[in-house]
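The values are calculated or read from the model by the stated rules, or taken from the named source; none is laboratory data. Quick caveat: nothing in here was measured; it's all calculated off a predicted structure. Cβ sites come from the backbone with ideal geometry, for glycine too, and all protein chains shown count toward neighbours.
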Amino acid sequence: MRTFGKIVLWLLIIIAVLVIIAYLLPRQYKVERSVTIGADKALVYDLTCNMKKWDLWTPWNNRVDTTALFELSGNDCEVGTIWKWNGEILGNGELIVTESTPGEYFGYDLMFDDGKYQSKGGFQYVEANDSVLIIWTDEGDLGFNPLNRYMGLFMDKMMGPDFEKGLAKLKEVAEERHGWPPITETYMEEQIVLLIRDSAGPETYGEVMGRGYWELSNFIKRKKLTPKGHPFAVYQSWDSVTQFSVFDLGMAVEFADGGKGRITVGEFPAQKVVMADYYGPYDQTASVYKALEKYTSQGGLEIIGNPWEIYVTDPMTEPDTAKWNTQVLFPIK
C-alpha cells in the first residue's frame with residue numbers, strides 16, 4: 001500500500017507540474033505564412049475574398065473530403081458572408097467574413113466543432129513591383145484549459161503546412177489567370193434580334209461577315225428600326241482543323257415585326273454568361289476561348305449554349321487591330 005501511495009503521490013506531482021508548465025505557456029498562438037505572387041493585386045484579392053473561388057486553391061475542399069457539404073450565404077467579398085461545412089474528415093465548421101477592404105485586407109472569424117474552437121484569420125496584400133506579397137494569418141486565444149495550452153505548441157505545425165499548400169496553389173492559379181483577359185460573370189438582358197445564318201472559312205470570314213452586317217444595317221435603316229448594342233455573331237459549329245464555322249450574324253433592335261429574304265427576327269431570353277474582354281485581331285482569339293473554357297471548368301460552371309462574339313469596335317473606323325475590342329462569352333447555368 002505504501003508503494004501504491006507513493007505512485008499516486010508522484011502522479012499528482014507530475015500532473016501538478018504539467019499544469020503549472022501549461023500556465024507558463026503562451027495563451028495566444030499565431031500561425032503565419034506568406035508568398036509572393038506575380039499577378040495583379042485585385043486579382044489575388046478576388047480569389048481570396050470570394051468564397052466561391054476558394055475551391056480553386058484551398059486545401060479544404062471535396063477533393064480532400066468527398067463527404068463534405070458546403071453552404072454559402074451572403075454576397076461575394078462582403079462582411080457578414082458565412083461559409084459553413086460538415087464532413088467526416090473536415091468535421092463541421094463556420095467562417096464569417098468580418099472585414100473586407102479591397103486590395104488591402106480580408107478578415108474572418110473561424111469556428112470548429114460547433115464553436116468549441118475559435119480563431120481569427122485574414123489576408124494582407126502588399127504590392128511589390130509587379131507582384132503582390134500575400135500574408136495569411138490565423139490567431140487565437142487558448143484560454144485557461146491546460147490541454148489547449150499544450151495544443152498551442154503544435155498549432156503552427158498543424159496549420160502551417162495547409163497554409164503553405166493553399167498559398168502555393170493560389171500562386172499557381174493567380175499567375176495563370178494574370179495572363180488571361182478580364183473575365184466576368186454577368187447577365188444579358190432579353191433581346192429582339194435580326195439574324196442572318198451564314199458560314200465561312202479562314203479565307204472568307206472578312207468578306208462573308210462584312211456582307212452580312214451590311215445587309216442587316218441597310219435593313220435597319222430602310223425599316224427605320226432602332227438598333228441596340230453592337231453587332232454580334234453566335235457560332236453554331238466550329239471545325240478546329242479546317243477553321244470552318246457556321247454562325248448567326250446579328251444585331252439587336254428595340255422592335256421588329258418581320259424580316260426579309262435571309263434576314264429573320266429572333267428573341268433571345270435573358271441569360272447568365274461568362275464573358276472575356278479581348279483586345280486584338282480577330283484571328284487571335286483562340287487563347288481567349290481556352291481561358292473561358294478553363295475558367296468555367298475550374299469554377300464548376302456548366303456551359304449551356306453556343307459561344308458569342310460581340311464586336312464592340314468598328315474595324316472600319318479603327319485601323320489599329322490592337323485596339324479592336326471583342327467580347328467573347330459563353331451562356332452558363
Please count how many residues of the range 271-301 are assigned to a helix (DSSP H, G or I) and either of a type in the set (D, E) or touching a Cys at 6+ places or on another chain (Cβ under 7 Å) (or both). 2
Which pairs turn up if I take residues in the range 287-308 that are farther than 20 Å from F247 by Cβ and look for partners that are basic (K, R) and outside any helix (DSSP H, G or I) with beta carbon separation below 8 Å, at least 6 apart in sequence or on another chain? L301/K333; E302/K333
Looking at the range 111-131 only, could you name the residues that are closer than 19 Å to C77 by Cα and either surrounded by fewer than 14 Cβ atoms within 10 Å (Cβ to Cβ) or β-branched (V, I, T) (or both)? V126
Report whether or not G152 is at pLDDT below 95 and surrounded by 15 or more Cβ atoms within 10 Å (Cβ to Cβ). yes
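Go through the residues of the range 228-242 one by one and say whether even a single one is among the small types (G, A, S), exposed (fewer than 12 other Cβ atoms within 10 Å of the Cβ), in a strand (DSSP E or B) and at pLDDT 95 or above.
Initial filter on the range 228-242 (among the small types (G, A, S)): 229, 233, 237, 240.
In the following step, the residues that additionally are exposed (fewer than 12 other Cβ atoms within 10 Å of the Cβ) were identified as 237, 240.
Next, only the ones that are in a strand (DSSP E or B) stay: 237.
Next, from what is left, pick out any that are at pLDDT 95 or above: 237.
Yes: the range 228-242 contains one or more residues that are among the small types (G, A, S), exposed (fewer than 12 other Cβ atoms within 10 Å of the Cβ), in a strand (DSSP E or B) and at pLDDT 95 or above.
Give the residue, chosen from Q271, Q284, that is under 17 Å from E185 (Cα atoms) and either over 25 Å from the mean Cα position of the chain (by Cα) or not acidic (D, E) (or both).
Among Q271, Q284, only Q271 is under 17 Å from E185 (Cα atoms) and either over 25 Å from the mean Cα position of the chain (by Cα) or not acidic (D, E) (or both).
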For V35, all conditions in the list (1) free of Cβ contacts under 8 Å to residues at least 24 places away in the same chain; (2) part of a strand (DSSP E or B) hold save one; what is the number of the exception? (1)
Checked L167, L249, L225 against criteria (outside the structural domain of D55 (by TED's automatic domain parsing), modelled with pLDDT of 95 or more and either in a helix (DSSP H, G or I) or in contact with a Gly (Cβ under 8 Å, 6 or more places away or on another chain) (or both)); the one match is L249
Starting from residues that are assigned to a strand (DSSP E or B) and either of a type in the set (D, E) or not assigned by TED's automatic domain parsing to the domain that holds V126 (or both), keep the ones in the range 63-109 and report whichever is farthest from S119 (Cα to Cα). E71
With the requirement that a residue be farther than 14 Å from L216 by Cα and touching a residue at least 40 places away in the same chain (Cβ under 8 Å), what does the range 239-253 give you? T242, Q243, F244, S245, V246, F247
From the list Q243, Q271, Q236, which residue is out of contact with any strand residue (DSSP E or B) (no Cβ under 8 Å at 6 or more places or on another chain), assigned by TED's automatic domain parsing to the domain that holds M209 and not basic (K, R)? Q243
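I need the full set of residues from the range 33-84 which are at positive phi and out of contact with any Gly (no Cβ under 8 Å at 6 or more places or on another chain), in order please.
To start, the set of residues in the range 33-84 that are at positive phi comprises 74, 77, 80.
C77, the sole residue that qualifies.
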Neighbours by Cβ (under 8 Å, 6+ apart or cross-chain): first from the range 311-332, farther than 11 Å from G280 by Cα; second of a type in the set (K, R): P331/K272; I332/K272
